[in-house]
Amino acid sequence: GSNNLSRALMPPRFFAALTLIVAIASTLPSAGFIAAFAQSTSSSSCQATATIINPAASENTADLPRWDLSRFGFASPFSDEIDSHLEQTAKLAEAFKAKYEGKLGELSLRSAIQEYEEISKRKTLVSSYLHLSYDVSLDDDNLKKRKGKLSQRQSEIYGDNLEWFSLDVAELDDAILTSQYENDPSLAEFKSFIDELRRQKPHNLSKDVERALTVRSPYVGTRPLVSFFDKELSLMRFKLDEDGDEVNMEVLLSRMQSSNDAAVRAKCLKVLNDGLAGSVSRTAALSLSSVSGGWLIENKERNYTNLRSRRNLDNNCPDEVVDSLLVGVRSAGIPLCKRFYTLKKCILQKTQGLEKFSWSDRNAPIDIGGVSNDKISWDTAVNMVKKGYSQFSPKMAEMFISMVDEKRIDVPAANGKKGGAYCAGVVPGIGPFQLLNFDGTKQDVATLAHESGHG
């Protein structure tokens, strides 16, 4: 997903990886104007010729589409249907454990995986529905309590009756697994899933410990801390002018990154920093300390080589590959980053009359060739993205429009909503669903195109 706050506050070192993409893009025909502009400025000073942009009024948040979650089959997060669904899932999970635990070498592994898949889909249906419902209503304490209660029940179901399965598949003797493949060639359909579970074998803990970690997960670890911090950020309000209205953080970041006025950008960043320096900074410090400390201790207990190894293993990417990428970014990325910002400074001096390149100018919009910086309506953004996809994949354009038409995109930068953007896969036939904080900027259009690509 996309995160506007990280883009606004990240230091240049972390931005270096992106500049590698910029360097590659400069070799493409579509980026020719950047290369041409760089050449024109390399031998001359950057004389200021300010361009005046007339921003259009923002689209009314209330008029922007919200997602329709009726596809999940539940009337509301408080519906008794969810409780009934979970209890039926619990019965299926209990029967699954009784049937297969300790017998995977004797019974059909393919059948066991298929039954596990169906139970997992039932479980994911509820968790995804609650997740999406809460992410647009972070200020609803009743919904938070309901979500917490159901999350606890889900963790109990998984810990008591499903946790064992991945551990037993990982522990299967190679000869037994080979025999399963020979007796049922169709099992190869699940080979990538089986391989993923077996890669975790050196890092798995005992069944009792794994169960305890799962059952406690709604209350300890990263999930509750991240959820709490997201809510704290969503509740923050910022005031740019004494007589002006308060805005949430997503709107403030959008104004900072879309304004052609350096003074406005600087003021937005100061207001943001002043706001984050309050009580939320202590919340952030506690969250970071707890999450990083827990991650460090658990990784040591699971015998991972370093702090990145666990994530690399989940991505089926060797540590050596990621280490090589980091070396490349450190050696080539920083000079490219400096080159990028030097070029951007010259562009802003020519187009906006910028006198001094400041921290708040790093994400300033670049307008070359008379491109307007007016606010972009939602309908226009949809048409732009549709046209872009149509040029290389009509099928992707069709899938994108289906997300729009079926109201699977929650669009506005509304109060009480999770920040940033993401595309959640959910379960086949239901999703994907996309969360945005759309404020009509060109960056917002790019985010829509990016997140739609995940779907």
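Quick notes
- Subset of segment 103-117 that is touching a residue at least 24 places away in the same chain (Cβ under 8 Å) and more than 14 Å from Asn161 (Cβ to Cβ) - its residue that is farthest from the chain's Cα centre (by Cα): Gly105
- Contact map, segment 409-425: first residue on the phi < 0 side of the Ramachandran plot and free of Cβ contacts under 8 Å to residues at least 40 places away in the same chain, second residue surrounded by fewer than 22 Cβ atoms within 10 Å (Cβ to Cβ) and hydroxyl-bearing (Ser, Thr, Tyr), Cβ cut-off under 9 Å, separation 6 or more or different chains; pairs are Gly425/Ser128.
- Complete set of residues in segment 77-99 that are within 17 Å of His131 (Cα to Cα), open to solvent by 60 Å² or more (accessible area, probe 1.4 Å) and in contact with a Phe, Trp or Tyr (Cβ under 9 Å, 6 or more places away or on another chain): Glu81
- Odd one out for Tyr134 among (1) under 27 Å from Glu182 (Cα atoms); (2) in contact with a Lys or Arg (Cβ under 6 Å, 6 or more places away or on another chain); (3) among the aromatic types (Phe, Trp, Tyr): (1)
- Yes/no for Phe228 being modelled with pLDDT under 95 and open to solvent by less than 30 Å² (accessible area, probe 1.4 Å): no
- Selection of segment 425-455 for residues being among the hydroxyl-bearing types (Ser, Thr, Tyr) and over 23 Å from Asp367 (Cβ atoms) yields only Ser452.
- Filter result for Gln434 (open to solvent by 30 Å² or more (accessible area, probe 1.4 Å), touching a residue at least 12 places away in the same chain (Cβ under 8 Å) and of a type outside the set (Lys, Arg)): no
- Ser281 vs. criteria free of Cβ contacts under 8 Å to residues at least 24 places away in the same chain and over 24 Å from Lys442 (Cα atoms): yes
- Each residue in segment 147-199 was checked for being of a type in the set (S, T, N, Q) and either crowded, with 17+ Cβ neighbours inside 10 Å or in contact with a Gly (Cβ under 7 Å, 6 or more places away or on another chain) (or both), and 6 pass.
- Given (1) open to solvent by 50 Å² or more (accessible area, probe 1.4 Å); (2) assigned to a helix (DSSP H, G or I), index of the condition Tyr219 fails: (2)
- Subset of segment 153-183 (residues that are charged (D, E, K, R) and in a helix (DSSP H, G or I)): Arg153, Glu156, Asp160, Glu163, Asp168, Glu171, Asp174, Glu182
- Applying the condition of being surrounded by fewer than 18 Cβ atoms within 10 Å (Cβ to Cβ) and out of contact with any helix residue (DSSP H, G or I) (no Cβ under 6 Å at 6 or more places or on another chain) to segment 444-455 and asking which residue is farthest from Lys407 (Cα to Cα) yields Ala446.
- Members of segment 196-230 found to be over 30 Å from Val280 (Cα atoms), free of Cβ contacts under 8 Å to residues at least 24 places away in the same chain and either of a type outside the set (D, E, K, R) or in contact with a helix residue (DSSP H, G or I) (Cβ under 6 Å, 6 or more places away or on another chain) (or both), listed by number: Ser206, Val209
- Complete set of residues in segment 308-351 that are in contact with a Pro (Cβ under 9 Å, 6 or more places away or on another chain) and not hydrophobic (A, V, I, L, M, F, W, C): Asn312, Lys338, Tyr341
- Between Val327, Val322, the distinction of being at pLDDT 90 or above, aliphatic (A, V, I, L, M), surrounded by fewer than 12 Cβ atoms within 10 Å (Cβ to Cβ) and farther than 19 Å from Ala446 by Cα belongs to Val327 only.
- Taken together, Ser324, Ser287, Ser331, Ser309 contain a single residue that is within 30 Å of Ser360 (Cβ to Cβ) and free of Cβ contacts under 8 Å to residues at least 24 places away in the same chain, which is Ser331.
The values are calculated or read from the model by the stated rules, or taken from the named source; none is laboratory data. All values derive from a computational prediction rather than experimental measurement. Neighbour counts are summed over all protein chains in view; Cβ atoms, including those assigned to glycine, are modelled from backbone coordinates with ideal geometry. In case anyone asks, the SASA skips ligands and DNA or RNA and just uses the protein heavy atoms, side chains included. Shrake-Rupley method; radii C 1.70, N 1.55, O 1.52, S 1.80 Å.
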